[in-house]
1. Can you pull out every residue in region 275-307 that is among the polar types (S, T, N, Q) and within 16 Å of ligand 3 (Cβ to nearest atom)?
2. Within region 158-181, identify whether any single residue is more than 16 Å from ligand 2 (Cβ to nearest atom), surrounded by fewer than 18 Cβ atoms within 10 Å (Cβ to Cβ) and in contact (Cβ under 8 Å) with a residue 60 or more places away in the chain, and answer yes or no.
3. Exactly one condition in (1) in contact (Cβ under 8 Å) with a residue 60 or more places away in the chain; (2) in a loop (DSSP other than H, G, I, E, B); (3) not basic (K, R) is not met by F197; state its number.
4. Under the condition of being part of a helix (DSSP H, G or I) and within 16 Å of ligand 2 (Cβ to nearest atom), which residue from region 107-147 is surrounded by the fewest Cβ atoms within 10 Å (Cβ to Cβ)?
5. For P43, which of the numbered conditions (1) touching a residue at least 24 places away in the same chain (Cβ under 8 Å); (2) within 15 Å of ligand 3 (Cβ to nearest atom) fails to hold?
6. Determine whether A260 is in a helix (DSSP H, G or I), crowded, with 24+ Cβ neighbours inside 10 Å, more than 16 Å from ligand 3 (Cβ to nearest atom) and modelled with pLDDT of 95 or more.
7. Taking the condition of being surrounded by fewer than 20 Cβ atoms within 10 Å (Cβ to Cβ) and either at pLDDT below 95 or hydroxyl-bearing (S, T, Y) (or both), how many residues in region 17-40 meet it?
8. Given the conditions (1) under 13 Å from L267 (Cα atoms); (2) within 12 Å of the chain's Cα centre (by Cα); (3) not β-branched (V, I, T), report the number of the one that P128 does not fulfil.
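The values are calculated or read from the model by the stated rules, or taken from the named source; none is laboratory data. Everything numeric in this text was worked out from a predicted model, so none of it was measured. Heads up, the Cβs are rebuilt from the backbone with ideal geometry, glycines too, and the neighbour counts pull from every protein chain shown.
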Amino acid sequence: PLVLGIETSCDETGVGIVRGHTLLADAVASSVDEHARFGGVVPEVASRAHLEAMVPTIERALKEAGVRARDLDGVAVTAGPGLAGALLVGVAAAKAYAYALGKPLYGVNHLASHICVDQLEHGALPEPTMALLVSGGHSALLLAPDITSDVRPLGSTIDDAAGEAFDKVARVLHLGFPGGPVIDRYAREGDPAAIRFPRGLTGSRDPVYDFSFSGLKTAVARWIEARRAAGEEVPVADVAASFQEAVVDVLTRKAVRACADNGVDHLMIGGGVAANTRLRALAARRCEDAGITLRVPRPKLCTDNGAMVAALGAEMMARGRTASSWGLSADSSLPVTETHVPAPQGS
Ligand code: ATP
Ligand code: MG
Ligand code: FE
């Protein structure tokens, strides 16, 4: 099916168009520069930016794909989780668009979309899919027998998300927002073994699939403070590389372990942090050593975009999942297990 997907859960206005597993357009307008001076995403600013960018971004995607709106088979939109006001703009736009075109509407889960997007890169996902989801708000190991209807959390972070840790450490280092890409860049010039930062929840009595990044973040902040207090220069590249190594070491170790324990021969990594160069390299090496096929989409498909929403919408349609009703509302805390928001029974 030819599906248009709309994503507005955070600060990216994303509109993507796919035909089945084929990516036709991926238009993204980001308001990140407007948030940078506040050191984080400001919800009201994000909502207004979505409102302004929505129609032009839809038009840009249609043009890029070379399709007419009336040829679409359906419209998908992120129903949650995310910022309530930001989600609302996308849901309202998708509803209006689908209704006017007389096409079905699918309110889908942002997190399942971060996984399903890999179908645009590597074709049909294996079933079950083992996924490491690492983003600004989430870090989890998920086993999905069916990405459109059955996603099971094996473990998740008990405090900060991986992306959140990148953002917070970047702030302590005065590197700006968002922190992931800039730490990734600095780390390339640094020594990952320069400082041994703690690996959270890797003790023999710790939960095997859960993560913790709050202690690491604090350890990094303390290390930097001690340096500054002593009047010494902070070796930014070494701190970035050592911090990053601690994060990706734990992520890849636990993900490979989850594959082995569950007899799964592949690993999918999705979400904004999956764009990280070192995570991709270490995951590739450890998966190869363990005989696991690694699936990570290109970086642009890892961070928030509309194509991932279209990909999940297309899969919903292909599998005959129930469309959403015109009463669809955004759910800022939609759980990862709710892959989409179908119309209530009998409506
Ligand atoms: P969620 O998907 O949990 O709702 P989100 O949509 O805000 O959260 P994403 O857009 O998926 O998050 O990811 C953004 C996060 O990814 C930010 O924390 C950002 O710092 C991080 N990130 C982006 N690029 C990189 C990178 N190269 N290395 C590490 N982290 C990165
Ligand atoms: Mg973002
Ligand atoms: Fe996201």
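1. The answer is N276, T303, N305.
2. No, region 158-181 contains no residue that is more than 16 Å from ligand 2 (Cβ to nearest atom), surrounded by fewer than 18 Cβ atoms within 10 Å (Cβ to Cβ) and in contact (Cβ under 8 Å) with a residue 60 or more places away in the chain.
3. Going through the list (1) in contact (Cβ under 8 Å) with a residue 60 or more places away in the chain; (2) in a loop (DSSP other than H, G, I, E, B); (3) not basic (K, R), F197 breaks only (1).
4. Going through the qualifying residues, I end up with H110.
5. Answer for P43: the failing condition is (2).
6. No.
7. Selection size over region 17-40: 10.
8. (2)
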